[in-house]
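Enquirer: Below is the structure I would like to discuss, written out as structure tokens.
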Amino acid sequence: MSATNWFKKAVIYQVFIDRFNGFEETRNSPKFLGGNINGVTQKLDYFLSLGVNVIWLSPFYESLSYHGYNVTDFKKVNSHFGTEEDLKTLISEAHKRGLYIIADFIPNHCSNKHPFFEDAYKNENSKYHDWFIFEKWPATYRCFLDFPELPKLNLNNVEVRNYMIDIADYWMSLGLDGFRLDHAIGPSHKFWKVFRKKMKAHYPQSVFVGEVWCDSLDKKLIKTTGLKNKMQKRKFGVFQEEVQLEYYGELDGVLDFTLNTLIVKAAEKGKNLLLDSKLKDKIKKHFQQVPSGYFMVTFLDNHDVDRFLLHCKGDVKVMLQAFELLLSLDQPVVIYYGTENCKYNKEPINGSIPQSDLAVRAPMDWKAINPQFIEGFKDLIIKYRNKENVKN
């Protein structure tokens, strides 16, 4: 049996720390609301009641924003969220209940306010100059896609690579059970091979799942990634399904954006997802290409895309059909925080509109949980776990 077999049929709850629990009011804002790590700990029994067995934490590192993806100190817990002791308590209490904890890890880039980048930007002779990729110092440098506030770390520099892997090792040593690896297409495949070898040597039972997402990736931005065959991809385009498979043998799995697109398109047509034969055929064909033991982490939505209910016009029954479909695939399933409220953005996220994504990152409304969804979701978990018990 594989050391990571515990993850095969995981039900994962994605927590956005600042938006989940611990804040005083449910206002929405691009600023910190007050959600914290202790607030997550307080809800461990709630996760169990849902049938969840894995918690996925948004970045908890020191950063300038509530979402945590613009890190200013990889070695420190964000003071807005609590302390390292709070994190240790969360991990310990979760493990006591049989819950696993994975966390976001962001090796590709940092904030332009990170002291290493600030030093490299101000001083061409800085010892951190080669920690970044300056095409023309100081103003032109590689970054996360085309966001200059997120300079790209030069992971081909052995010193930088070792630094980031040591950071990952430190947080894993506190008891984390794995990472969701942000923007996994950013670092090179060489980096991921070294990362995997070192992590698995210390934590063989842990899982490392990549956000391998490249739909609509502009050809001019391919150079900011670590994708294979860049010239070919610039000429012929980038295909999501193919790229997901490129990380087999380097990561334990990836978030299955290919499957997500199939389900979203079917939901938009208004068909019963469980009876849609064309959808089932497409899904079957998709999984025929997936190597054994390579996790396709399934989901309906997350913090970067529209709430699933937008695609099915608020029909909770269709969303439950979608979850049942995911649960039937024998792959890990993610539920995004706030799904229980059955609220959704009425207009699609628009990347050209600042803070547009706040519509899918609203604070959890603990007073407005939809009983129809909750009971339906719990019943589905019980149904599919009972099926597995019968097989065993």
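The values are calculated or read from the model by the stated rules, or taken from the named source; none is laboratory data. It should be emphasised that the depicted structure is a prediction, and the values quoted were computed from it without experimental measurement. Positions of Cβ are backbone-derived with ideal geometry, glycine not excepted, and every protein chain shown enters the neighbour counts. Calculation scope for accessible area: heavy atoms of the full protein, side chains included, ligands and nucleic acids excluded. Shrake-Rupley method; radii C 1.70, N 1.55, O 1.52, S 1.80 Å.
Enquirer: In a shell of Cβ-Cβ distance under 13 Å around LYS200, excluding LYS200 itself, what net charge do Lys and Arg (+1) and Asp and Glu (-1) give?
Expert: Here the charged neighbours net out to +1.
Enquirer: Taking the solvent-accessible surface of protein heavy atoms with a 1.4 Å probe, what is the per residue accessible area of the chain in Å²?
Expert: Solvent-accessible surface per residue comes out at 45 Å².
Enquirer: Within the range 270-304, what residues put their amide N at less than 11 Å from the label point 7 Å along the Cα-to-Cβ vector of ILE349?
Expert: Answer for the range 270-304: 301-304.
Enquirer: Using the charge dipole of the range 115-186 (Lys, Arg: +1 at Cβ; Asp, Glu: -1 at Cβ; taken about the Cα centre), state which of TYR121, LEU176, TYR163 has its Cα farthest towards the positive end.
Expert: TYR121
Enquirer: Let me ask something else. Please list, in order along the range 308-320, the HN-Hα scalar couplings obtained from phi with the Karplus expression 6.51 cos²θ - 1.76 cosθ + 1.60 (θ = phi - 60°), rounded to whole Hz, x for Gly and Pro.
Expert: Along the range 308-320, the couplings run 4, 4, 4, 6, 10, 6, x, 7, 5, 4, 5, 5, 5 Hz.
Enquirer: Stretched out fully, how many nm does the piece from PHE287 to LYS190 gain, at 0.36 nm a residue minus the Cα gap?
Expert: Full extension from PHE287 to LYS190 adds 32.3 nm.
Enquirer: Take the alpha-carbon positions of the range 242-392, form their convex hull, and give its projected area averaged over all directions (one quarter of the hull surface) in nm².
Expert: 10.5
Enquirer: If you average the alpha carbon positions of the range 84-155 and of the range 15-79, how far apart do those two centres end up, in angstrom?
Expert: For the range 84-155 versus the range 15-79, the Cα centre distance is 18 Å.
Enquirer: Next question. Kirkwood-based Rg over Rh for the range 165-282 (C-alpha set), two decimals?
Expert: Value, to two decimals: 1.06.
Enquirer: What does the extension gain come out to for TRP366 and LYS113, with contour length at 0.36 nm per residue minus their alpha carbon separation?
Expert: Value of the extension gain: 87.6 nm.
Enquirer: Let me ask something else. Can you work out the Karplus-derived ³J(HN,Hα) for every residue in the range 284-297? Use 6.51 cos²θ - 1.76 cosθ + 1.60 with θ = phi - 60°, whole Hz, and x for glycine or proline.
Expert: 3J(HN,Hα) across the range 284-297, in whole Hz: 4, 5, 4, 6, 5, 8, 7, x, 4, x, 9, 6, 9, 7.
Enquirer: Using only helices, what value at 222 nm comes out for the chain when you add -39,500 (n - 2.57) per DSSP H run of length 4 or more and divide by the total residues, to the nearest 500 deg cm²/dmol?
Expert: So the helix-based figure for the chain works out to -10500 deg cm²/dmol.
Enquirer: If you count only protein heavy atoms and use a 1.4 Å probe, how large is the accessible surface of SER352, to the nearest 10 Å²?
Expert: Rounded to the nearest 10, that gives 100 Å².
Enquirer: Next question. Between exposed GluC sites (Glu not before Pro) in the chain, where DSSP calls loop and at most 13 other Cβ atoms lie within 10 Å, what's the longest gap?
Expert: Between the exposed loop sites, the longest stretch runs 125-392.
Enquirer: Next up: Please list the radius of gyration and Dmax for the chain, considering alpha-carbon atoms only, with Å as the unit.
Expert: For the chain, the Cα-based Rg and Dmax read 20.5, 65 Å.
Enquirer: Mind telling me which of ASP306, ASP104, ASP281 comes out most flexible in a GNM of the chain, alpha-carbon contacts under 10 Å?
Expert: Of ASP306, ASP104, ASP281, the most mobile in the Gaussian network model is ASP281.
Enquirer: Is there a pair in LYS8/LYS284; LYS317/LYS378; LYS75/LYS152; LYS136/LYS193; LYS193/LYS223; LYS223/LYS346 whose C-alpha atoms are over 25 Å apart, and which pairs would that be?
Expert: In this structure, LYS136/LYS193; LYS223/LYS346 lie more than 25 Å apart at Cα.
Enquirer: Measure of size requested: the Rg and Dmax of the range 150-234, with Cα atoms as the atom set and Å as the unit; please supply both.
Expert: In order Rg, Dmax, the Cα atoms of the range 150-234 give 13.9, 42 Å.
Enquirer: Where the accessible area of the chain is counted over protein heavy atoms with a 1.4 Å probe, how much of it, in %, is carbon and sulfur?
Expert: 50
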